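Scroll down for the structure; my scribbles are underneath it.
The values are calculated or read from the model by the stated rules, or taken from the named source; none is laboratory data. All values derive from a computational prediction rather than experimental measurement. Methodologically, a virtual Cβ is constructed for each residue, glycine included, from the backbone with ideal geometry; neighbour enumeration extends over all protein chains shown. These area figures cover heavy atoms from the full protein model, side chains too; ligands, DNA and RNA do not enter into them. Shrake-Rupley method; radii C 1.70, N 1.55, O 1.52, S 1.80 Å.
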Amino acid sequence: MLLLHSRAISSKRLVSSFSIWQTCTTLCAILIKWGTSIFIARSLGPECLGIYLFVQWLASVTIPVIGIGTSTLANRYLSTIQSRETLRSSAGIFYFLWHRQCYRIFIYCLLYIALAYPLHALFAICQPQLLLLTALSMLPLLLSSIVGITLRSLRRSDLLANLHFCGAIFALLLSLLACQINKDHIGLLLLASTMAGALSLLLSLLYLTRLLPLRQALRPGIFLKERLQQHLKGTPLLFFCDVIVWQHSEILVLACWRHSDELAFYMISSLICTAIMQVLPPLSSLLSRSLPQRGHLTLYSSFIRSSCSVGLLALICCTLFFLYGPELLTLFLGAEYLPLLQPLHILLIAALFGNIASISLMYLLKGGHQKISTGIGITAALVNVLLALPFVAWWGMIGAALACASAQILSAIGSILLCSRLLKRNADRGQDAYSSKDMEW
């Protein structure tokens, strides 16, 4: 009995060490991506950077609705279905999803080629060749999402984190090489991003050939195909609400009415806030694993603890940006980027609420409350659309930040209140006797 108990303790420690290593690898990849972005910003300058960021945003904003597995919810569902199959059947599902993704890529390329010149006519800063190069850089991302689904189904998230780390290294090295060839050429940087994605995809495929018997793959049957196809179709309404509120759709209004340098300032401030919302939840999870844990927590108490820990980290981070923002911007980006402080301060307030609401959104998605989440998203999207046009016309990038922050704060508060109410009601009924691991990020 003592031997079995000691083995159980050692296995728990091993799993915990793997999860901590995976989180650290993910955070390192995010930091390397930040370093690459800082290097590109210093190399291009505000005017060229506005064009570079805008064409990238145009190419990536429709990816979740066109691609397979690029949204978090669809990725989780497909990984769950694939994880229940044998290795040969899992290899067949990989081929099925891969072929479907290639068809989606073909549609995406045709759509982008058809829209290249109309977009150039609508947005003068968008050159057709840059739009096509940016679309090319999205193709490895679409194919990598299929590999990511398969690796998650095989319980190899650690390998996926290592591949993301390698992709970040490739992007940094190729960006350095592109700037050495021609410092001001936006097309070379876009081509470097494409090559980095292709190298990362090739490396992931090499690993996948060792994990799955691809040559002995079994085609999925009729019923399995039906289950997969149910989750291949996205939810367009929820997608558009997310684009309008959290993907900064007011950028389109700025690109029509303002110069590229002002567009660059606003997009950098939005990227900083998005990066904060991206890195703080896994950092909070890493800190919670290193601290002593209570043996058994209800879902409501775990939700409160997770939200408070993420909120505290977000408050510290936002306070540091408020106090030392000019020094940090001058150090990393240069004095020419100081005008972005005003929209950044406004968006940081929204980022604080967004970090706290990240736990609520995770619970609502896992609990199947998509209709309620969609209602909150529609309300916030309407607020953003109604405020963006007059605010941008009057105040430029500051008006865009005010419109976006208002919608994001409304969405975050609605999600927090709704999730708290649902969990509290379940706690009163005695239906939330879950482990504390259920609310880990």
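Points worth noting:
- Test: residue 144 is under 29 Å from residue 212 (Cβ atoms) and under 18 Å from the mean Cα position of the chain (by Cα): yes
- Just so you know, in the stretch 376-398 the residues that are over 22 Å from residue 277 (Cβ atoms) and open to solvent by less than 30 Å² (accessible area, probe 1.4 Å) include one that is modelled with the highest pLDDT, and it is 392.
- The residue that is nearest to residue 337 (Cα to Cα), counting only those in the stretch 52-65 that are β-branched (Val, Ile, Thr) and open to solvent by less than 30 Å² (accessible area, probe 1.4 Å), is 55.
- Cβ-Cβ contacts under 7 Å between residues 6 or more apart (or on different chains), taken from a first residue in the stretch 60-75 that is small (Gly, Ala, Ser) to a second residue that is crowded, with 18+ Cβ neighbours inside 10 Å and part of a loop (DSSP other than H, G, I, E, B), are absent.
- Set 210, 215: member being of a type outside the set (A, V, I, L, M, F, W, C), open to solvent by 80 Å² or more (accessible area, probe 1.4 Å), assigned to a helix (DSSP H, G or I) and under 21 Å from residue 157 (Cα atoms): 210
- If you filter the stretch 131-142 down to residues that are open to solvent by 30 Å² or more (accessible area, probe 1.4 Å) and in contact (Cβ under 8 Å) with a residue 40 or more places away in the chain, you find that the one that is farthest from residue 224 (Cα to Cα) is 133.
- Count of the stretch 238-258 residues which are outside any helix (DSSP H, G or I) and open to solvent by less than 50 Å² (accessible area, probe 1.4 Å): 3
- Tally, over the stretch 96-130, of residues that are in a helix (DSSP H, G or I) and open to solvent by less than 80 Å² (accessible area, probe 1.4 Å): 19
- Subset tally (residues that are under 16 Å from residue 143 (Cα atoms) and either of a type in the set (S, T, N, Q) or outside any loop (DSSP other than H, G, I, E, B) (or both)) for the stretch 33-73: 10
- Apart from one condition, residue 92 fits all of (1) within 19 Å of the chain's Cα centre (by Cα); (2) more than 23 Å from residue 250 (Cβ to Cβ); the exception is (1).
- Flag: residue 157 does not match the condition of being polar (S, T, N, Q), touching a helix residue (DSSP H, G or I) at 6+ places or on another chain (Cβ under 7 Å) and at pLDDT 85 or above.
- Identity of the residue in the stretch 174-197, without any contact (Cβ under 8 Å) to a residue 12 or more places away in the chain and open to solvent by 60 Å² or more (accessible area, probe 1.4 Å), that ends up nearest to residue 53 (Cα to Cα): 185
- The C-beta contact set for the stretch 333-351 (first residue touching a residue at least 24 places away in the same chain (Cβ under 8 Å) and over 15 Å from residue 407 (Cβ atoms), second residue open to solvent by less than 60 Å² (accessible area, probe 1.4 Å) and of a type in the set (Ser, Thr, Tyr), distance under 7 angstrom, 6+ apart or interchain) comprises 340/269; 344/269.
- Screening residue 312 on (1) in contact with a Ser or Thr (Cβ under 7 Å, 6 or more places away or on another chain); (2) more than 23 Å from residue 76 (Cα to Cα); (3) open to solvent by 40 Å² or more (accessible area, probe 1.4 Å) shows it passes everything except condition (1).
- Residue 229 being open to solvent by 40 Å² or more (accessible area, probe 1.4 Å), free of Cβ contacts under 8 Å to residues at least 24 places away in the same chain, in a helix (DSSP H, G or I) and under 30 Å from residue 31 (Cα atoms): no
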